[in-house]
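Can you keep this structure in mind? I'll have questions shortly.
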Amino acid sequence: MNLNYAKRMDGIKASEIRELLKLTQRPEIISFAGGLPAPELFPVEEVKEVMQEVIEEHGRNALQYSTTEGYTPLREKIAERMKIVGVDVTADNILITSGSQQGLDFTGKIFLDEGDVVLCESPSYLGAINAFKAYQPKFIEVPTDDYGMIPEELEKILKTTENVKVIYVIPDFQNPTGRTWSVERRKKLVELANKYDLPIVEDNPYGELRFEGEIPPSVKSFDTEGRVIYLGSFSKTFCPGFRIGWTCAAPEVLNKYILVKQGADLQASTVSQMTVNRFLEKYDLDEHIEKIKAVYRKRRDLMLKTMKEELPEGIKFTHPEGGLFTWVVLPEHINARELAEKAIEKKVAFVPGGSFFPNGGNENTLRLNYSNMDEERIVIGVKRLAETIKEML
Ligand code: PMP
C-alpha cells in the first residue's frame, strides 16, 4: 500500500516525549515529565452535582448542537474574568474553543502559508510548535532572558526578515521555563508589533496560578489596535477534561477564528460548556484556585529546595513564581536525552529541553514539572535525578 500523504505530514513526527510519557505511566516511575495538573485537586463532587443539575434542568439543550461562538452565559463570565489580566471586553470578544490548544491550531490555519515565519521565544511550548508545523512555517527563535524576549534582538529580526506572520509568546510562567515577562517587555512587544504591523498570540494558561506577587497586566491589556489574540484556558485552574478554552480578540479577528471553528468541529461541546458555566455560577473559582496554588506552591518550594541541596554546583534552574514548571541548565557537555535514558533506569523521568527549541540545539537543558507528584516523591525524584547527573559529570 502506498498512501500518498500530504507534504505537511513530513514535518509531523511522533515526539520522543510521547514515547517517554508512555513509560512514565508505570506507577513505579516518579515523573516530572508531563504537564498534568494534580488530579486530587479536581472538584469531583462539585462537578458531579453541577453535571446532574445541568442534565436535569437543561437536558435537551445540553445535549443539542449550539452556536459556534459558544454558550453565551459562559462567554460573559469569561469576558468578566479577563479583567484579572487587565482586559476590558464583552462576550462578543470571546470564542469558546476545545482547549486553548485549538486556538493554536486555528492560529496556524488563519495566518500561516508554507514558508511563512513564526517568531517564538527560545525555547517555546512544544504543543504550539507542533500545531504550527502542520502549516509548514519556518520558526525563528527570538533570544529570550529572564524578563522575556529581548526587544533589541526581536527588532533586529523584524527589520531583516520577510514574511513574518505571527509573534507567539507565553508571558506568564512559560512552558517550558517557568519564566514570566516584565511589564516593560510586554509594552515593548506591543509597540514593536504595532510598528511592524503584526499579530501577537499571547498564550496564557498558567497566569492565574501565581504563588507570590500580583498578576501583571497581560500583553493584550496594552493592545490599542486589536492585534493581540489572547488564548485562555480552564485546564489548569479547573480541569482539562472538559476541554474548554477560549480565544479573546477584536471582533474582526475573532471572526476568522469563528469561521475556522465551524470547519473544524462546529462548536465546543455544549454539555461541557454548560457544566463549566454552572460550576462558575455555583462555586467560587477563585477560591478553588487558591487551593490549587497552596498545593503547587509547596511542591515548587520543595522541588527548588531539594535541587539546591542535591544538585552539583554550577547547575542553574529557574525560580518560577507560579505555574507548573522549572527549567534546568546543565553543563554544556551533558546531553539531557542521554540523562533521561539513565534517569529512567533509576525510575525518574523528565523532558529533555532540546525538544522545546524548534530549530534544535540546547541539548543540555531539561524541564521539570512539580504539580503532579506528591511531596515525598518530589524529594526522592530530585535526589535520584541529582545522582544520575553526578554519574554523568
Ligand atoms: N499552551 C500552553 C503553553 C500549554 O502548556 C498548554 C497545555 N499544557 C496549552 C496551551 C493547551 O492547553 P489546553 O488545550 O488544555 O487549554
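The values are calculated or read from the model by the stated rules, or taken from the named source; none is laboratory data. None of these values were measured; they are calculated from a predicted model. Neighbour counts run over all protein chains shown; Cβ positions are idealised from the backbone, glycine included.
Here is a yes/no grid of residues against (1) among the small types (Gly, Ala, Ser); (2) at pLDDT below 95; (3) part of a loop (DSSP other than H, G, I, E, B):
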site: Glu153; (1), (2), (3): no, no, no
site: Lys165; (1), (2), (3): no, no, no
site: Pro171; (1), (2), (3): no, no, yes
site: Ala193; (1), (2), (3): yes, no, no
site: Glu225; (1), (2), (3): no, no, yes
site: Ile229; (1), (2), (3): no, no, no
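Scanning segment 52-81 for residues that are closer than 27 Å to Pro216 by Cα and either in contact with a strand residue (DSSP E or B) (Cβ under 6 Å, 6 or more places away or on another chain) or among the polar types (S, T, N, Q) (or both), which turns out farthest from the ligand (Cβ to nearest atom)? First the steps, then the outcome.
Our first condition is that a residue be closer than 27 Å to Pro216 by Cα; within segment 52-81, this holds for 73-81.
Keeping just the survivors that are either in contact with a strand residue (DSSP E or B) (Cβ under 6 Å, 6 or more places away or on another chain) or among the polar types (S, T, N, Q) (or both) gives 75, 78-79.
Values: Arg75: 16, Ile78: 13, Ala79: 18 Å.
Restricting to residues being closer than 27 Å to Pro216 by Cα and either in contact with a strand residue (DSSP E or B) (Cβ under 6 Å, 6 or more places away or on another chain) or among the polar types (S, T, N, Q) (or both), the top hit is Ala79.
Go through Ala134, Ala128 for me and flag whichever is surrounded by fewer than 22 Cβ atoms within 10 Å (Cβ to Cβ) and either assigned by TED's automatic domain parsing to the domain that holds Lys316 or in contact with a helix residue (DSSP H, G or I) (Cβ under 6 Å, 6 or more places away or on another chain) (or both).
Only one candidate qualifies: Ala134.
Something else now. What residue, of Leu119, Leu95, Leu74, Leu36, is aliphatic (A, V, I, L, M) and in contact with a Gly (Cβ under 7 Å, 6 or more places away or on another chain)?
The match here is Leu95.
Restricted to segment 95-109, and to residues that are under 14 Å from Phe234 (Cα atoms) and more than 15 Å from the chain's Cα centre (by Cα), which residue is nearest to the ligand (Cβ to nearest atom)?
Of the residues in segment 95-109, the ones under 14 Å from Phe234 (Cα atoms) are 95-103.
Of the ones still in play, those that are also more than 15 Å from the chain's Cα centre (by Cα) are 95-96.
Working: Leu95: 13, Ile96: 11 Å.
Restricting to residues being under 14 Å from Phe234 (Cα atoms) and more than 15 Å from the chain's Cα centre (by Cα), the top hit is Ile96.
Looking at Lys256, Lys282, which is the one that is within 19 Å of Val54 (Cα to Cα) and either within 16 Å of the ligand (Cβ to nearest atom) or more than 21 Å from the chain's Cα centre (by Cα) (or both)?
Numbers: Lys256 fails: within 19 Å of Val54 (Cα to Cα).
Criteria check complete, one pass: Lys282.
In segment 237-253, which residue that is within 28 Å of Ser182 (Cβ to Cβ) and surrounded by fewer than 23 Cβ atoms within 10 Å (Cβ to Cβ) is nearest to the ligand (Cβ to nearest atom)? Spell out the reasoning first.
Going residue by residue through segment 237-253, those that are within 28 Å of Ser182 (Cβ to Cβ) are 237, 245-250, 253.
Keeping just the survivors that are surrounded by fewer than 23 Cβ atoms within 10 Å (Cβ to Cβ) gives 237, 250, 253.
Working: Thr237: 10, Ala250: 21, Val253: 19 Å.
My answer is Thr237.
Which members of segment 344-372 meet the condition of being closer than 30 Å to Ile289 by Cβ, modelled with pLDDT of 95 or more and in contact with a Gly (Cβ under 7 Å, 6 or more places away or on another chain)?
Selection gives Val348, Thr365, Leu366, Arg367, Asn369.
Follow-up. Modelled with pLDDT of 95 or more and either more than 27 Å from Tyr257 (Cβ to Cβ) or within 11 Å of the ligand (Cβ to nearest atom) (or both): does that describe Lys188? Break it down into steps so the answer makes sense when it comes.
Values: modelled with pLDDT of 95 or more: yes; either more than 27 Å from Tyr257 (Cβ to Cβ) or within 11 Å of the ligand (Cβ to nearest atom) (or both): no.
So Lys188 fails the test.
Just checking, does segment 149-168 include any residue being touching a strand residue (DSSP E or B) at 6+ places or on another chain (Cβ under 9 Å) and within 11 Å of the ligand (Cβ to nearest atom)?
Checking segment 149-168: at least one residue is touching a strand residue (DSSP E or B) at 6+ places or on another chain (Cβ under 9 Å) and within 11 Å of the ligand (Cβ to nearest atom).
Here's something else I'd like to know. Given the criteria surrounded by 15 or more Cβ atoms within 10 Å (Cβ to Cβ), part of a strand (DSSP E or B) and more than 16 Å from the ligand (Cβ to nearest atom), does Ile140 qualify? It would help to see each step written out before you state the result.
Details: surrounded by 15 or more Cβ atoms within 10 Å (Cβ to Cβ): yes; part of a strand (DSSP E or B): yes; more than 16 Å from the ligand (Cβ to nearest atom): yes.
Taking the combined requirement at face value, the residue satisfies it.
Every residue in segment 267-294 that is among the hydrophobic types (A, V, I, L, M, F, W, C) and either crowded, with 17+ Cβ neighbours inside 10 Å or within 14 Å of Phe234 (Cα to Cα) (or both), please.
Passing the criteria: Ala268, Val271, Met274, Val276, Phe279, Leu280, Leu285, Ile289, Ile292.
Something else: Kindly provide the set of residues from segment 299-352 that are in a helix (DSSP H, G or I) and closer than 30 Å to Pro216 by Cα, ordered by number.
Result: Arg299, Arg300, Asp301, Leu302, Met303, Leu304, Lys305, Thr306, Met307, Lys308.
Something else: Does segment 10-27 include one or more residues that are in a loop (DSSP other than H, G, I, E, B) and farther than 25 Å from Ala131 by Cα? Outline the logic, then answer.
Just the residues of segment 10-27 that are in a loop (DSSP other than H, G, I, E, B), to begin with: 12-15, 25-27.
When the remaining residues are screened for being farther than 25 Å from Ala131 by Cα, the result is 26-27.
Yes, the conditions are met somewhere in segment 10-27.
Looking only at segment 194-236, count how many residues are under 19 Å from Ile289 (Cβ atoms) and either buried (at least 18 other Cβ atoms within 10 Å of the Cβ) or not β-branched (Val, Ile, Thr) (or both).
22
OK, next. Between a residue in segment 217-242 that is in contact (Cβ under 8 Å) with a residue 24 or more places away in the chain and assigned by TED's automatic domain parsing to the domain that holds Val166 and any residue that is within 10 Å of the ligand (Cβ to nearest atom) and acidic (Asp, Glu), which pairs come within a Cβ distance under 7 Å, given they are 6 or more apart or on different chains?
As it stands, the answer is Leu231/Asp203, since those pairs meet every condition given.
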